[in-house]
Amino acid sequence: MDEDFSGSMLDPIAAPPTMPGLATTSRRHLLHLRPRVLFTLSNEILAIVDRMPNPCERECWAKWADDVFMQMEIDEMGEENWTHPVAVGRGRCWLIIGATRFEAIEGGLERVFTSAEAENARAALSKGV
């Protein structure tokens, strides 16, 4: 029952070859591959999010992608510098989130501007001028 797991992080593993480089037997190689996989996932999700018709889904998935980019910032793994690509990715996420929120506000404003109260206010302002 007593098992020693002290060397388990360095033991070879068998990963399914779903992405280039994942069929490796070295955990060390996988640690260097993780930021690339996270960045690729987030970037691909953002490419899909840009084309989603539903604003709620766009915001939800953009937040998810931002969380993955944030995880990359927290981990700061490997010798590669991911600061600039992660900042650009997070910026894209927040542009999508902000645009989605603005669309919701803009839809509400259109209803306000076309209401009878808005017409009365415009008439009163034109009398004042």
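The values are calculated or read from the model by the stated rules, or taken from the named source; none is laboratory data. Because the structure is a prediction, the values reported are computed rather than measured. With ideal geometry, Cβ positions are generated from the backbone for all residues, glycine too; neighbour counts draw on all protein chains shown.
One residue stands out in the stretch 50-73 among those that are in contact (Cβ under 8 Å) with a residue 12 or more places away in the chain and among the aliphatic types (A, V, I, L, M): the one that is farthest from V86 (Cα to Cα), namely A62. Before we move on, is V68 part of a helix (DSSP H, G or I), exposed (fewer than 11 other Cβ atoms within 10 Å of the Cβ), touching a helix residue (DSSP H, G or I) at 6+ places or on another chain (Cβ under 7 Å) and of a type outside the set (D, E)? Considered against the rule, which asks whether it is part of a helix (DSSP H, G or I), exposed (fewer than 11 other Cβ atoms within 10 Å of the Cβ), touching a helix residue (DSSP H, G or I) at 6+ places or on another chain (Cβ under 7 Å) and of a type outside the set (D, E), V68 comes out as no. Each residue in the stretch 94-123 was checked for being of a type in the set (D, E, K, R) and touching a residue at least 40 places away in the same chain (Cβ under 8 Å), and 2 of them qualify.
Can you tell me which residue in the stretch 71-99 is modelled with the highest pLDDT, limited to those that are of a type in the set (D, E, K, R) and loosely packed, with under 15 Cβ neighbours inside 10 Å?
Here is the first cut: in the stretch 71-99, the ones of a type in the set (D, E, K, R) are 73, 75-76, 79-80, 90, 92.
So of that shortlist, the ones also loosely packed, with under 15 Cβ neighbours inside 10 Å come out as 73, 75-76, 79-80.
On the way: E73: 76, D75: 70, E76: 69, E79: 63, E80: 69.
The selected residue is E73.
Identify all residues within the stretch 59-88 that are under 10 Å from the mean Cα position of the chain (by Cα) and of a type in the set (D, E, K, R); write none if there are none. Across the stretch 59-88, the qualifying residues are E59, K63, D66, D67.
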